[in-house]
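Just below is one structure, and these are the notes that go with it.
The values are calculated or read from the model by the stated rules, or taken from the named source; none is laboratory data. Just so it is clear, the structure is predicted and the values come from calculations on it, not from any experiment. We place every Cβ from the backbone using ideal geometry, glycine too, and count neighbours over all the protein chains shown. Keep in mind that these areas ignore ligands, DNA and RNA; they rest on the heavy atoms of the full protein, side chains included. Shrake-Rupley method; radii C 1.70, N 1.55, O 1.52, S 1.80 Å.
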Amino acid sequence: MFGFAGCGDPFNDDELGRDEVENKVTIRFGYLAEEKDLAVVIKREFEKQNDTINLKMEPISGDWKSAMNQYVAKPSNFPDIVWVPSDQHSSYSKGGAFVDLRPLMEADEATAPSLYYDSMIETTHYSATDEGIWYAPRDYNKPVTYINKKMFAAAGVEIPAQKDWNYEKFLEVCAKLRKAMDENGRGSENFDAEKFAVGIEPNSFPVESEMWWNPVYHSAIESFGGSLIDTDLSGRDAITVDSDKTVAAYRKIYSEMFVNDYSFGPQDGTASTAFLSSKAAMWFSVRPKLPTILKRDIDVDFLPLPFDKIGAGNSGYAITYVAKDRLSDKGGNTKNNEQLAWEVIKWLITEPGQQVLGRSGAGIPVLKSMKDSGDWITENDPTLNHQAFTAYEERDIGLNVFNIYDPDNHKVMFDTMTLVMTKAISDNSWEKKGDTYEMSAGFVNDLKAYKEAMLAKAE
């Protein structure tokens with residue numbers, strides 16, 4: 001379910017609890033509920049610079065796709081602008097829920113698509129052949145390696161320089177962390193209570209990898225020679241989740257990261273909480289997690305993801321189709337809400353709005369001109385290695401790998417891949433034979449069933 005604002009705006013313009021709407025037109029803005037703090041800032045800062053538009057902020061709670069389906073079923077509830085994730089928009093974009101922003105972006109030199117990362121513009125298409133820009137990307141978002149500096153220091157492990165950081169160095173660091181953790185159990189000969197208190201203890205892990213999450217598993221599989229799709233093929237033949245090379249990638253991930261308890265799977269019950277509770281010294285995650293980390297008072301720094309390929313995605317804002325038919329009077333001139341909504345989105349994706357996003361700590365500017373400068377660095381401890389978030393653009397790979405198929409089937413295929421990866425990192429899926437690991441009969445059967453589920457959506 002998702003929530004709606006009542007007749008009043010949830011964010012007030014003054015201390016008396018009134019929303020200033022006199023001589024303004026109102027544009028309804030659907031924001032992700034967990035980003036309320038950012039939504040407050042967007043409203044405040046935009047309205048400081050635009051005295052003719054009032055933003056009525058409406059939260060989208062729970063599952064985004066369910067919320068979208070309810071919007072589509074009852075269009076009067078649809079905001080004029082809605083938050084959009086890059087990995088779920090395809091079926092709605094194809095179905096006409098959003099306005100194609102390409103004509104608007106190309107008509108204004110301040111928003112020319114060439115000003116933005118190519119990989120981020122590509123995510124706005126709903127298929128491999130589509131050229132529409134169905135939402136405006138607001139950020140450049142790819143996983144990095146978050147580092148808990150206190151845990152590294154307590155374990156006596158040096159944080160590598162970015163120039164030295166790669167997969168081999170990552171495994172070396174994991175081994176050192178694992179050793180320090182295992183040697184500091186209660187009752188051990190050299191037990192250190194201070195180290196234990198910051199997370200250096202046997203129940204902790206070197207890394208919270210989230211290897212069942214698309215941006216991470218896709219990066220690892222591609223880096224290790226596997227693939228989910230053979231782009232030289234089409235239809236059912238293109239799915240390669242069970243190819244020899246992809247299975248070899250699963251084996252490498254499992255045998256090098258999970259057998260030695262460097263990381264853990266969702267079945268272990270600590271998913272998405274380990275780093276935040278100082279039970280993991282590293283975390284493969286994205287920039288929007290930074291505000292939460294800082295609220296936990298974790299002494300943090302960053303390195304890039306330690307893979308040769310890095311899955312890049314984003315979120316952004318779309319103008320909904322209903323805005324085209326809503327009319328507002330602005331200064332005696334009647335405009336449809338599509339035009340007014342574009343004023344808001346243009347602000348969000350040009351430098352004024354990008355600076356606001358950067359100051360919040362929740363995102364990396366999608367403007368290429370701000371790669372190495374801006375409030376996203378200066379307002380969030382400039383001594384940290386923020387460049388980890390923009391490093392190695394040449395390694396970026398798109399996450400919408402199933403976009404050769406019907407957009408209505410993308411989510412099911414990605415959900416199936418989550419099941420595949422959950423199995424791939426499970427002890428029950430592998431059997432030790434000599435110096436290697438072979439797939440168990442159960443995993444062979446499961447992988448066959450999962451592929452069949454994907455093939456059913458590839459017709």
Quiz prompt | Test: residue in the stretch 257-264 that is modelled with pLDDT of 95 or more, within 24 Å of residue 430 (Cα to Cα) and of a type in the set (Asp, Glu) | solution = yes
Quiz item: What number of residues within the stretch 363-380 are touching a residue at least 60 places away in the same chain (Cβ under 8 Å) and closer than 17 Å to residue 120 by Cα?
Solution: 7
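Residue by residue, here is whether (1) of a type in the set (Gly, Ala, Ser); (2) closer than 16 Å to residue 263 by Cβ; (3) in a loop (DSSP other than H, G, I, E, B); (4) out of contact with any strand residue (DSSP E or B) (no Cβ under 7 Å at 6 or more places or on another chain) holds:
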{"residue": "133", "(1), (2), (3), (4)": "no, no, yes, yes"}
{"residue": "145", "(1), (2), (3), (4)": "no, yes, no, no"}
{"residue": "178", "(1), (2), (3), (4)": "no, yes, no, no"}
{"residue": "184", "(1), (2), (3), (4)": "no, no, yes, yes"}
{"residue": "196", "(1), (2), (3), (4)": "no, no, no, yes"}
{"residue": "202", "(1), (2), (3), (4)": "no, yes, yes, yes"}
Self-check item: the stretch 336-358, subset surrounded by fewer than 21 Cβ atoms within 10 Å (Cβ to Cβ), without any contact (Cβ under 8 Å) to a residue 40 or more places away in the chain and more than 12 Å from residue 81 (Cα to Cα), residue farthest from the chain's Cα centre (by Cα)
Solution: 336
Practice problem: Quick one: count up the residues across the stretch 382-406 that are in contact with a helix residue (DSSP H, G or I) (Cβ under 9 Å, 6 or more places away or on another chain) and open to solvent by 10 Å² or more (accessible area, probe 1.4 Å). | Solution: 16
Practice problem: Determine which member of the set 181, 257 is touching a residue at least 24 places away in the same chain (Cβ under 8 Å), among the aliphatic types (A, V, I, L, M), open to solvent by less than 40 Å² (accessible area, probe 1.4 Å) and over 30 Å from residue 444 (Cα atoms). | Solution: 181
Practice problem: Output the helices (runs of 4 or more DSSP H) that fall wholly within the stretch 300-384 and possess 1 or more residues being within 20 Å of residue 132 (Cβ to Cβ) and touching a Ser or Thr at 6+ places or on another chain (Cβ under 9 Å), or say none. | Solution: 337-349
Quiz item: Would the stretch 437-448 turn up any residue that is in a helix (DSSP H, G or I), open to solvent by less than 60 Å² (accessible area, probe 1.4 Å) and of a type in the set (A, V, I, L, M)?
Solution: yes
Quiz item: What number of residues in the stretch 230-254 are surrounded by fewer than 18 Cβ atoms within 10 Å (Cβ to Cβ), among the hydrophobic types (A, V, I, L, M, F, W, C) and either touching a Pro at 6+ places or on another chain (Cβ under 8 Å) or outside any helix (DSSP H, G or I) (or both)?
Solution: 1
Practice problem: Name the single residue, out of those in the stretch 1-51 being assigned to a loop (DSSP other than H, G, I, E, B) and under 24 Å from the mean Cα position of the chain (by Cα), that is modelled with the highest pLDDT. | Solution: 3
Quiz item: Just a yes or no: is a residue in the stretch 261-281 in contact (Cβ under 8 Å) with a residue 60 or more places away in the chain, part of a helix (DSSP H, G or I) and buried (at least 17 other Cβ atoms within 10 Å of the Cβ)?
Solution: yes
Exercise. Filter the stretch 115-131 for residues that are open to solvent by less than 60 Å² (accessible area, probe 1.4 Å), outside any helix (DSSP H, G or I) and out of contact with any helix residue (DSSP H, G or I) (no Cβ under 9 Å at 6 or more places or on another chain) and give the result.
Key: 123
